[in-house]
1. Report yes if GLY136 is in a helix (DSSP H, G or I), touching a strand residue (DSSP E or B) at 6+ places or on another chain (Cβ under 9 Å) and not β-branched (Val, Ile, Thr), otherwise no.
2. Please note which helices (runs of 4 or more DSSP H) are completely contained in region 196-285 and include at least 3 residues that are modelled with pLDDT of 95 or more and in contact with a strand residue (DSSP E or B) (Cβ under 6 Å, 6 or more places away or on another chain).
3. Counting only residues that are open to solvent by 20 Å² or more (accessible area, probe 1.4 Å) and under 17 Å from GLU59 (Cβ atoms), how many does region 16-41 have?
4. Taking region 101-131, which residues are open to solvent by 30 Å² or more (accessible area, probe 1.4 Å), among the small types (Gly, Ala, Ser) and under 14 Å from the mean Cα position of the chain (by Cα)?
5. Looking only at residues that are closer than 15 Å to ILE196 by Cα and at pLDDT 90 or above in region 139-148, which one is surrounded by the fewest Cβ atoms within 10 Å (Cβ to Cβ)?
6. Enumerate the pairs (first residue in region 152-176 and touching a residue at least 24 places away in the same chain (Cβ under 8 Å) and at positive phi; second residue anywhere and open to solvent by 70 Å² or more (accessible area, probe 1.4 Å) and not in a helix (DSSP H, G or I)) with beta-carbon separation below 7 Å, excluding pairs fewer than 6 apart on the same chain, so at least 6 apart or on different chains.
7. Go through region 173-216 and report how many residues are basic (Lys, Arg) and surrounded by fewer than 19 Cβ atoms within 10 Å (Cβ to Cβ).
8. Could you please tell me which pairs satisfy a Cβ distance under 6 Å, a separation of 6+ or placement on different chains, a first residue in region 92-112 that is at negative phi and of a type in the set (Lys, Arg), and a second residue that is modelled with pLDDT of 75 or more and open to solvent by 100 Å² or more (accessible area, probe 1.4 Å)?
Amino acid sequence: MQEQNIIFYDGQISKPYPATIAPIDSETVLICYNQQQRRYYYADMQLIGALGQIQPVIELKDDARIEFPQALPDWFELNKKHVQHSIWKLERSPSLILFSVVFVAAFIFAILRWGIPSAAHYVAMQLPADTIYKLGDEAQEQVFKLTGPSTIPLARQKQIIQSYQDLVANGQPAKVLFRAGGQIGTNALAIPNNTIILTDELVNLAKDDHEIIGVLAHEQGHLVERHSLQQALSSLGFSVLLIAVTGDSSALFTTLPVALVGASYSRNFESDADLYAMQVLDKNHISSLHLAKFLARMEDDARAEEEEKQPQGKSEEEEDGGIGSFFQSHPATQERIAAIRQFNQQQRLSN
């Protein structure tokens, strides 16, 4: 008779007993411990161990427990033994450990690169209108705290709004508001409650109303695609996945309004909004170069402001992390300007 040393718990007290286990037949085993014997059927056993650093552990129907100091013996006829042992061996394999690390890293990258943006798009498109407007209203309050009353004459404001409604709105006009730039400076923001905010600094920087129309068309593109909502949701990270799965958006009302104001649009969102603006301008027989010129001027203006601040003793770290850089949600890059000029060239060739 083959015997195997084990640790046995009798199910009555917590004391472990040194014991032996041996086969009786193909269905039962005999356990000898503390001058006692017990007979158990394989059918009454449940293998719960043999994982990682844990040695094989078997629980029995009478609350008894068997702990093996090493792998289960060959004669042990418990079902699923071979499957459990295969898993146990794989867990101890260096190659499998390396593969697991690489797989987890790739999985996390995929979640960050594609999973969260896809979930953010889904949530943004599924949120009901009243929820979006409530979030947008709170985000608008945040913007108002960072800006001041506009000094643009009302007649001038009405003129810009009328041009927007005639050329850009396409039957679904947003509410256009004007604010003194304050902490957000030369900027335009598309708020999900169907509102576009223009700062006085941006209006004053424009040398042609067509430039302002280009900016408004760009913001209209963000509104149509709910870009600000998608970008803010993405910035919240993995919490958006939970919202997509559970449908519980209650947490949005405490974190999302601030994220909406501070979200910096991705390159794809900016390109999409630029394309929308270029198509609007082309439809109204306005050259898209007006938008390119304004973006270039915004970039020059921002660079000039940074150069003015440098002599005041601010470090590069402060310049990069200050409130100004935080709200530069529409950086005028040469890549965007080049894309607009290319579009303009293509339109000229096709006409």
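1. yes
2. Per the criteria, no element qualifies.
3. We begin by selecting, within region 16-41, every residue open to solvent by 20 Å² or more (accessible area, probe 1.4 Å); these are 16-18, 20, 23-27, 30, 32, 34-39, 41.
Now restrict to residues that are under 17 Å from GLU59 (Cβ atoms): 16-17, 38-39, 41.
Residues flagged as open to solvent by 20 Å² or more (accessible area, probe 1.4 Å) and under 17 Å from GLU59 (Cβ atoms) within region 16-41 amount to 5.
4. ALA110, SER118, listed by residue number.
5. Step one: list which residues in region 139-148 are closer than 15 Å to ILE196 by Cα, which gives 139-144, 147.
In the following step, the residues that additionally are at pLDDT 90 or above were identified as 140-144, 147.
Details: GLN140: 22, GLU141: 11, GLN142: 16, VAL143: 23, PHE144: 14, THR147: 22.
So, considering only residues that are closer than 15 Å to ILE196 by Cα and at pLDDT 90 or above, the one surrounded by the fewest Cβ atoms within 10 Å (Cβ to Cβ) is GLU141.
6. none
7. Count: 2.
8. none
The values are calculated or read from the model by the stated rules, or taken from the named source; none is laboratory data. Nothing here was measured: the structure is a model prediction, and the numbers come from that model. Quick reminder, even Gly has a Cβ in these numbers, built from the backbone with ideal geometry, and neighbours come from all protein chains shown. Quick note on the areas: whole protein, heavy atoms, side chains included, nothing else; ligands and nucleic acids left out. Shrake-Rupley method; radii C 1.70, N 1.55, O 1.52, S 1.80 Å.
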